[in-house]
Amino acid sequence: MVVSPVPNTARILDYWLGGFHHYPVDVEAAKVFESLYPNFPMVFRTLRDYISRVTRYIESQGIEQFVVFGSGLPTCGNVHEAVPQAKVLYTDIDAANIELGQKILRDNPHADYIFCDATNLDTLDRSVIDRVLGTIQRLGMVFVGVSAFIPDDTLAQMLDQLYDWAPAGSFLALDFDGEALAQYQRVLELLNSMGAPLHMRNPTTIRPLLGRWQLTQPGIVPVSAWQADALEKPAQGREQVFMYGCVVYK
Ligand SMILES: C[S@@+](CC[C@H](N)C(=O)[O-])C[C@H]1O[C@@H](n2cnc3c(N)ncnc32)[C@H](O)[C@@H]1O
C-alpha cells in the first residue's frame, strides 16, 4: 500500500462511511476531527444518504445521465451505486481523488472520473462527457459537500453558468452548510487553519444564490428531512444535521 503523506477530505469521509480507501494519516486526521465533534461520522453518513435519495429522485424523473461535482470518492453509496442503471461522470479538483476514483471505476463501462473545477465549467473536457454519457439529453447534476468552500458571488455565478449549460428539463441537487455549524468554534478554527474557510448559510440567504433554477418540493430543508420518508433505513438514531439541501430544475 502506498502511504499518502497528507490527509485528504474524501478519504477521511471514506473512513467515516466504513469504506476501504483510506490511509493511516486519514484515520489520524479523522480522529482529531472527532475529538472536536464526535458526530462527524453521523453527519457524513446522513449526507451520503441524502446523495442517494436525491439521485434516485432525479432518476425517477426520467434522467439517465449524471455529472457529479466535488465528488470525493466514488464509493459507499455515491451516485453510480445509488443509480446503477445510469451513466455517471464524476469530477473533482483533487488529483489524488481523480487518480483513485479512476482506479475504482476502471471496470465500470458506465462511469468515469475526470478533473473539473466546479467554479469554471470550461475546465470540463466535453469530449469525455460525450464518451462517458453519450449524446446529452436531460442531465442530473450533483453538487454536494462543496458549496461551503465557495463564496456567495462565485457560487451564484457558477449556478448561473450551470443553468445556461444544462439542457432544459435537467435537475441539480445541492447542499449548504447551515449557520448552526458556527457553534462548533473549534471545528471551524481547525478547518480555517487548513485553508478551508467555510461559508455558512440559511434558507433565506441560499434562495437568491439559486438564480433562475426552480425549486422542487420540499424546497430548502435540512438534508436529513429531504424526502425522509424515502429512507430505506429507519430514521431512528439519525439527528438533524447542520446542512440544508434542495433539488432544483431547469
Ligand atoms: C467534503 S468533500 C465532499 C465529497 C462528496 N461530494 C460527499 O458529499 O461525500 C468535498 C470535495 O469537493 C472537492 N472540491 C472542493 N472545491 C472544489 C471545486 N472548486 N471544484 C470541484 N471540486 C471541489 C474537494 O476536492 C472534495 O473532494
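The values are calculated or read from the model by the stated rules, or taken from the named source; none is laboratory data. This one's a predicted model, so the numbers in the text were calculated from it and none came from an experiment. All Cβ positions, even for glycine, are placed from backbone atoms using ideal geometry, and neighbour counts span all protein chains on display.
Contact annotation: residue pairs with Cβ atoms under 6 Å, 6 or more positions apart or on different chains, pairing a residue in region 144-173 that is under 28 Å from residue 43 (Cα atoms) and within 13 Å of the ligand (Cβ to nearest atom) with a partner that is charged (D, E, K, R) and not in a loop (DSSP other than H, G, I, E, B), are 144/175; 148/177. Looking across region 45-82, the residues that are closer than 19 Å to residue 246 by Cβ, within 13 Å of the ligand (Cβ to nearest atom) and aliphatic (A, V, I, L, M) come down to 47, 51, 54, 67, 68, 79, 82. For region 25-78, a residue qualifies if it is of a type in the set (S, T, N, Q) and more than 20 Å from residue 189 (Cα to Cα), and the qualifying residues are 46, 52, 55, 60, 61, 65, 71, 75, 78.
In this structure, is residue 64 under 24 Å from residue 121 (Cα atoms), charged (D, E, K, R) and either in contact (Cβ under 8 Å) with a residue 12 or more places away in the chain or surrounded by fewer than 20 Cβ atoms within 10 Å (Cβ to Cβ) (or both)? Yes, satisfied. Applying a threshold of 6 Å to beta carbon distances and a minimum spacing of six or more residues, or different chains, the list of pairs starting in region 95-112 at a residue that is within 16 Å of residue 130 (Cα to Cα) and ending at one that is assigned to a helix (DSSP H, G or I) and aliphatic (A, V, I, L, M) reads 112/132. I want to confirm something. Restricting to region 97-138 and keeping residues that are surrounded by 20 or more Cβ atoms within 10 Å (Cβ to Cβ) and not aliphatic (A, V, I, L, M), which single residue is farthest from the ligand (Cβ to nearest atom)? The selected residue is 112.
In region 56-141, which strands (runs of 3 or more DSSP E) lie fully inside it and hold 1 or more residues that are small (Gly, Ala, Ser) and at pLDDT below 95?
No strands (runs of 3 or more DSSP E) qualify here.
More than 30 Å from residue 63 (Cβ to Cβ) and of a type in the set (Lys, Arg) - does that describe any residue in region 184-197? Yes.
Within region 25-55, the set of residues being in a helix (DSSP H, G or I) and among the polar types (S, T, N, Q) comprises 35, 46, 52, 55. Look at (1) touching a Gly at 6+ places or on another chain (Cβ under 9 Å); (2) touching a residue at least 60 places away in the same chain (Cβ under 8 Å); (3) crowded, with 20+ Cβ neighbours inside 10 Å and you find that residue 141 fails only one, number (1). The residue that is farthest from residue 193 (Cα to Cα), among those in region 17-59 that are basic (Lys, Arg) and touching a residue at least 24 places away in the same chain (Cβ under 8 Å), is 56. Within region 200-232, the set of residues being in a helix (DSSP H, G or I), hydroxyl-bearing (Ser, Thr, Tyr) and surrounded by 13 or more Cβ atoms within 10 Å (Cβ to Cβ) comprises 205, 224.
Pairs linking a residue in region 182-211 that is closer than 21 Å to residue 7 by Cα to a residue that is at pLDDT 95 or above, with Cβ atoms under 8 Å and 6 or more positions apart or on different chains, do not occur. Is it the case that residue 220 is in contact with a strand residue (DSSP E or B) (Cβ under 6 Å, 6 or more places away or on another chain), β-branched (Val, Ile, Thr) and without any contact (Cβ under 8 Å) to a residue 60 or more places away in the chain? Yes, satisfied.
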